[in-house]
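Structure first, commentary second.
The values are calculated or read from the model by the stated rules, or taken from the named source; none is laboratory data. Bear in mind that the values here come from a model prediction, so they are computed numbers and not experimental data. Backbone-built Cβ (ideal geometry, glycine too); neighbour counts: all protein chains shown. When the accessible area is computed, the model is the full protein with side chains, heavy atoms only, and any ligands, DNA or RNA have been set aside. Shrake-Rupley method; radii C 1.70, N 1.55, O 1.52, S 1.80 Å.
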Amino acid sequence: MKKNKLDLKSLTASKSTCEHCHDDDGHSHNEAGENFTINTYLPAIISFIMLMIGIALDYFKSFPFFDGYIRLAWYIIAYIPVGLPVLKEGWESIRKGDFFTEFFLMGIATIGAFGIGEYPEGVAVMLFYGVGELFQSAAVKRAKGNIKALLDLRPDQALVYRDHSFVAVSPEEVEIGEKIQVRVGEKVPLDGVLRSEKGSFNTAALTGESKPDSLKKGDSVYAGSINLDGVIEIETTKAFKDSSIARILDMVQNATARKSKTELFIRKFAKVYTPIVTYLAIALTFLPYFFVENYVFQDWLYRALIFLVISCPCALVISIPLGYFGGLGAASRNGILFKGASFLDTMTKVNTVVMDKTGTVTKGVFKIKDLVKDQIFTEDEFMKYLIAIETQSTHPIAKAILEYKPEGEAYKATDVSEIAGKGLKGIVNSKVVLVGNKALMKANQIEVPQETDTIVESIVLVAIDGKFAGYVTIADELKEDAQQAIRNIRAAGVTKIIMLSGDKDSITQEVAKQLGIDWAKGGLLPEEKLEEVEKLKKLPNMKIAFVGDGINDAPVLAASDVGIAMGGLGSDVAIETADVIIQNDQPSKIAAAIKIGNSTRSIVWQNIALAFGVKVIVLALGAGGLATMWEAVFADVGVALLAILNAVRLQKMNWD
């Protein structure tokens, strides 16, 4: 499956970030995947040192040799390390028919500055732009690295029997009819039939069913199930490309194709803004000839170059990603991983949260929920009888019962026998004990209280010496913060909360009632979940975030406006498909993700307003001849610094 990982969803945060830029082909001076070493920063360091030396030599004027061609050569050498990559990007864009990029503006402005003898200004403008690009690329690399580290921590092999031993191969290499071995805790790599006498499987990731599935020899086993008990052997019945996992992957890819991609403000704006300022700069150079006395071409060219430097969107290109990366960093520190800046934006528009049940708001682990007994026995005595019988069972429900630790010496059971499909029978303290379902009680003429008919959870009935003694209910436990999570989601501005689950509808409705969820539906197959979400998406003004953790949730995660996966215990495919990953499995982080999105969007728009406000003022001064190129450069520097400080505020905020 490794070769499919990057096909399912683009995992590079750099793609989302480059939506702020004009470089539609994704070019960048520093690709996010490369290692950031001293060599990465060396060009900027060389240019900075040479610029500072050149300015010092210009200022003191004590070195007559630093003049003419020597001075020009010095600044050209200072310019090349930071300027050449930008000029190359600009040339590549022009060759592809895209003239008006920030690379074009920066190239024209800085080369023009050299043309009129303003060498230090030309180097300084390009140096500042290059440093901004480094900051941006470093932030992209960190975000991308976090995602890859999370997604690559997964086994991807099948133990197949060949040449008298089990060997590890890729699941794609296993043929139909071959025998594979699956150890305890491992995922079943391919669909097949069980060849061992029995097996117990956690299918929550595949079907959404919270109750572990106990199978016997000859039963079907599906890829993605987790083996819970003992080493088992399976005979494969389908090739990997036809397995349950592969079918769901195909659904994911189709759903992803229907997913609209968010384009952030600056990319749309720049396509109009950049040509306009270029033509205005040309007009500023030549039109005054017809209206101004004593027209001096060099003066008006200088003003036009200042105009280009000021109007260049590089401050926006830097400040906007910094705002989003501030949000990405803050989210990461809160255990929330966004796979791109655009999803921070989309989270602010979510008004409906649809969630899975098992593993999302519940722990996916069986526990004793209720214990009801006859007054003849104490609670500890009742449980000792029950535990004595269940000790002989390997059923997952038995394991939940054995977690109970009564006081005193344990009882011993003898002559324990299994009654197929009904339960167990044995002798404890010379008493006949029956443990099982209603069919077992009915077969032994044991009258069961009517109240048990309304119980939706898994129930274990107990009879001792021919009389009903009590029962325990076994249920999946709610996560500690589940109820608070629902309250927080509503407080974050979400108007509707829905639950869709593959678990029994009765259990789903009970959990939804406990949590105060608006509407719920259970017993759904993966494609039925997808259909329900597709229906919701057709409603007007509907922005949906889906929260899940299983393989069965992957198609819905891909189809929703924002897919949120539980990353701690969630399935590989769900994590890979989702746009947002909650790394500690706490549903209360859903509201935090929405709040972080809102705060980030606010910071970004503040940065946009700040950048444009400063640009308008300095543009007016530059066009009127009241601002030099240095002031233009420092105006951009000031905006970037203020934007950085503004973005840093995100690290100080609290979203609990």
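For the range 59-73, name all the residues that are part of a loop (DSSP other than H, G, I, E, B) and open to solvent by less than 90 Å² (accessible area, probe 1.4 Å). If the condition is that a residue be part of a loop (DSSP other than H, G, I, E, B) and open to solvent by less than 90 Å² (accessible area, probe 1.4 Å), then Ser62, Phe66 are the ones that fit. Among the conditions (1) in contact with a strand residue (DSSP E or B) (Cβ under 6 Å, 6 or more places away or on another chain); (2) closer than 23 Å to Asn584 by Cα, Asp518 misses just one, which is (2). Across the range 460-517, the number of residues qualifying as modelled with pLDDT of 90 or more, charged (D, E, K, R) and in a helix (DSSP H, G or I) comes to 3.
Scanning the range 350-386 for residues that are touching a Lys or Arg at 6+ places or on another chain (Cβ under 7 Å) and surrounded by 17 or more Cβ atoms within 10 Å (Cβ to Cβ) returns Val350, Thr352, Val361, Thr362, Lys363, Phe382. Residues in the range 414-435 that are out of contact with any strand residue (DSSP E or B) (no Cβ under 6 Å at 6 or more places or on another chain) and at positive phi: Gly421, Asn429, Ser430. Among the residues of the range 74-107, those identified as among the β-branched types (Val, Ile, Thr) and crowded, with 18+ Cβ neighbours inside 10 Å are Val82, Val86, Thr101. Within the range 100-129, residues that are farther than 23 Å from Tyr59 by Cβ and outside any helix (DSSP H, G or I) sit with their Cβ atoms under 9 Å from residues that are among the hydroxyl-bearing types (Ser, Thr, Tyr) and open to solvent by 20 Å² or more (accessible area, probe 1.4 Å), at 6+ positions apart or across chains, in these pairs: Phe100/Tyr273. Restricting attention to the range 436-467 and to residues that are of a type in the set (D, E, K, R) and at negative phi, the residue that is surrounded by the most Cβ atoms within 10 Å (Cβ to Cβ) turns out to be Glu457. Listed by position, the strands (runs of 3 or more DSSP E) inside the range 385-443 whose residues that are aliphatic (A, V, I, L, M) and touching a residue at least 40 places away in the same chain (Cβ under 8 Å) number at least 1 are 423-428, 431-436. Considering only residues in the range 561-589 that are among the hydrophobic types (A, V, I, L, M, F, W, C) and at pLDDT 85 or above, the one that is nearest to the chain's Cα centre (by Cα) turns out to be Val580.
Table: residues versus (1) closer than 30 Å to Val131 by Cα; (2) modelled with pLDDT under 90.
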position	(1), (2)
Gly323	yes, yes
Gly329	yes, yes
Gly335	yes, yes
Gly340	yes, yes
Lys349	no, no
Met355	no, no
Thr358	no, yes
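If the condition is being open to solvent by less than 80 Å² (accessible area, probe 1.4 Å) and more than 17 Å from Ala463 (Cα to Cα), then the range 394-420 contributes Thr394, His395, Pro396, Ile397, Ala400, Leu402, Tyr404, Pro406, Gly408, Ala410. Within the range 524-542, identify whether any single residue is in contact with an Asp or Glu (Cβ under 6 Å, 6 or more places away or on another chain) and either in a loop (DSSP other than H, G, I, E, B) or over 13 Å from Asp356 (Cβ atoms) (or both), and answer yes or no. Scanning the range 524-542, I find no residue that is in contact with an Asp or Glu (Cβ under 6 Å, 6 or more places away or on another chain) and either in a loop (DSSP other than H, G, I, E, B) or over 13 Å from Asp356 (Cβ atoms) (or both), so the answer is no.
Of all the numbered requirements in (1) at pLDDT 85 or above; (2) more than 25 Å from the chain's Cα centre (by Cα); (3) open to solvent by less than 40 Å² (accessible area, probe 1.4 Å), Pro189 misses one, and that requirement is (2).
The rows are residues; the columns are (1) at pLDDT 85 or above; (2) in a helix (DSSP H, G or I); (3) surrounded by fewer than 17 Cβ atoms within 10 Å (Cβ to Cβ); (4) within 14 Å of the chain's Cα centre (by Cα).
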site	(1), (2), (3), (4)
Thr600	yes, yes, no, no
Gln606	yes, yes, no, no
Ala611	no, yes, no, no
Val618	no, yes, no, no
Leu626	no, no, yes, no
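Just give me the residues in the range 167-183 being part of a loop (DSSP other than H, G, I, E, B) and within 29 Å of the chain's Cα centre (by Cα), in sequence order. Of everything in the range 167-183, just one residue is part of a loop (DSSP other than H, G, I, E, B) and within 29 Å of the chain's Cα centre (by Cα), namely Ser170.
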